[in-house]
Amino acid sequence: MKARNYRQVKGQAYTRKKYIRGSPPPKITKFTMGDPKSSFEYQAFLISQKEVQIRHNALEAARVATNRVLSEKLGEGYLLRILPYPHAVLRENKMIFGAHADRLQDGMRKAFGKPIGTAARVKSNQPVLVVNVNEDGLEVAREALKRGGAKLPMPCRIFIEKIVD
């Protein structure tokens, strides 16, 4: 199945991993990169403009793309955080097509599906990625968030604000 089939937020979230056998772990493992101990002047947010489910591999791709730009241009002078966690377990009723497939599948009988991945449910106007930088790294942060937003399945906007101490 294609990833676009899992974008829409439909029904109740399927999250109780205690009861789900064979639930795959999320691909994204690091949620904070850069220098967490430093203090920064600005915060740049990548904000979702639609309510959507983001698959764990899309979150990992956005993290890698954003982190690559930031680490190449700023070294250690940034802090990148991924905010949503992929809790919702996605299921698929696998169907086999081709010659003699009618012997191997039962159509919609017992069609609950097997776990195939996880996704994070994101609401409209919710931040997905946050980058903390100083004034000299603002353009780099904007470019990095733009690259990361291209990996996500919804339209995003970038919002920058000054951190008040």
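So which residues in the stretch 59-87 are in contact with a Lys or Arg (Cβ under 6 Å, 6 or more places away or on another chain) and either in a strand (DSSP E or B) or under 24 Å from residue 5 (Cα atoms) (or both), if there are any at all?
60, 61, 62, 65, 82
Within the stretch 1-49, count every residue that is under 12 Å from residue 117 (Cβ atoms) and touching a Ser or Thr at 6+ places or on another chain (Cβ under 6 Å).
Residues that pass the stated criteria total 1.
Let's see how each residue does on (1) over 18 Å from residue 144 (Cα atoms); (2) out of contact with any strand residue (DSSP E or B) (no Cβ under 8 Å at 6 or more places or on another chain):
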| residue | (1), (2) |
| --- | --- |
| 10 | yes, yes |
| 22 | yes, no |
| 31 | no, no |
| 42 | no, no |
| 55 | yes, no |
| 74 | no, no |
| 80 | no, no |
| 88 | yes, no |
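Does residue 144 satisfy the criteria of being in contact with a Ser or Thr (Cβ under 7 Å, 6 or more places away or on another chain) and under 26 Å from residue 71 (Cα atoms)? Walk me through it before giving the result.
Numbers: in contact with a Ser or Thr (Cβ under 7 Å, 6 or more places away or on another chain): yes; under 26 Å from residue 71 (Cα atoms): yes.
Against the criterion (in contact with a Ser or Thr (Cβ under 7 Å, 6 or more places away or on another chain) and under 26 Å from residue 71 (Cα atoms)), residue 144 qualifies.
How many residues, within the stretch 3-29, are charged (D, E, K, R) and either surrounded by 15 or more Cβ atoms within 10 Å (Cβ to Cβ) or under 16 Å from the mean Cα position of the chain (by Cα) (or both)?
The first filter runs over the stretch 3-29 and keeps only residues charged (D, E, K, R), leaving 4, 7, 10, 16-18, 21, 27.
Remaining after also requiring either surrounded by 15 or more Cβ atoms within 10 Å (Cβ to Cβ) or under 16 Å from the mean Cα position of the chain (by Cα) (or both): 4, 7, 27.
Adding up the residues that qualify gives 3.
Considering only residues that are of a type in the set (Gly, Ala, Ser) and surrounded by 13 or more Cβ atoms within 10 Å (Cβ to Cβ), which ones fall in the stretch 114-143? Outline the logic, then answer.
Looking only at the stretch 114-143, we keep the residues that are of a type in the set (Gly, Ala, Ser), and these are 117, 119-120, 124, 137, 141.
Answer for the stretch 114-143, where residues must be of a type in the set (Gly, Ala, Ser) and surrounded by 13 or more Cβ atoms within 10 Å (Cβ to Cβ): 117, 119, 120, 137, 141.
With (1) surrounded by fewer than 15 Cβ atoms within 10 Å (Cβ to Cβ); (2) at pLDDT 95 or above as the list, and residue 102 as the residue in question, which single condition is left unmet?
For residue 102, the failing item is (2).
Given the residues 32, 66, which is the only one that is of a type in the set (Val, Ile, Thr) and crowded, with 19+ Cβ neighbours inside 10 Å?
66
Could you please let me know if residue 37 is out of contact with any strand residue (DSSP E or B) (no Cβ under 8 Å at 6 or more places or on another chain), farther than 26 Å from residue 9 by Cβ and in a helix (DSSP H, G or I)?
Against the criterion (out of contact with any strand residue (DSSP E or B) (no Cβ under 8 Å at 6 or more places or on another chain), farther than 26 Å from residue 9 by Cβ and in a helix (DSSP H, G or I)), residue 37 does not qualify.
Which of the numbered conditions does residue 62 fail, given that it passes all the others? Conditions: (1) small (Gly, Ala, Ser); (2) modelled with pLDDT of 90 or more; (3) within 19 Å of residue 15 (Cα to Cα).
Evaluating residue 62 over (1) small (Gly, Ala, Ser); (2) modelled with pLDDT of 90 or more; (3) within 19 Å of residue 15 (Cα to Cα) leaves (3) as the failure.
Restricting attention to the stretch 114-165, report how many residues are of a type outside the set (Val, Ile, Thr) and either part of a strand (DSSP E or B) or closer than 17 Å to residue 9 by Cβ (or both).
To start, the set of residues in the stretch 114-165 that are of a type outside the set (Val, Ile, Thr) comprises 114-115, 117, 119-121, 123-127, 129, 132, 134-139, 141-157, 159, 161-162, 165.
Next, from what is left, pick out any that are either part of a strand (DSSP E or B) or closer than 17 Å to residue 9 by Cβ (or both): 114-115, 117, 119-121, 123-127, 129, 132, 152-157, 159, 161-162.
Matching residues across the stretch 114-165 total 22.
The values are calculated or read from the model by the stated rules, or taken from the named source; none is laboratory data. Since the structure is predicted, the reported quantities are computational estimates derived from the model, not experimental observations. Glycine gets a Cβ as well: all are built from the backbone with ideal geometry, and neighbour counts include every protein chain shown.
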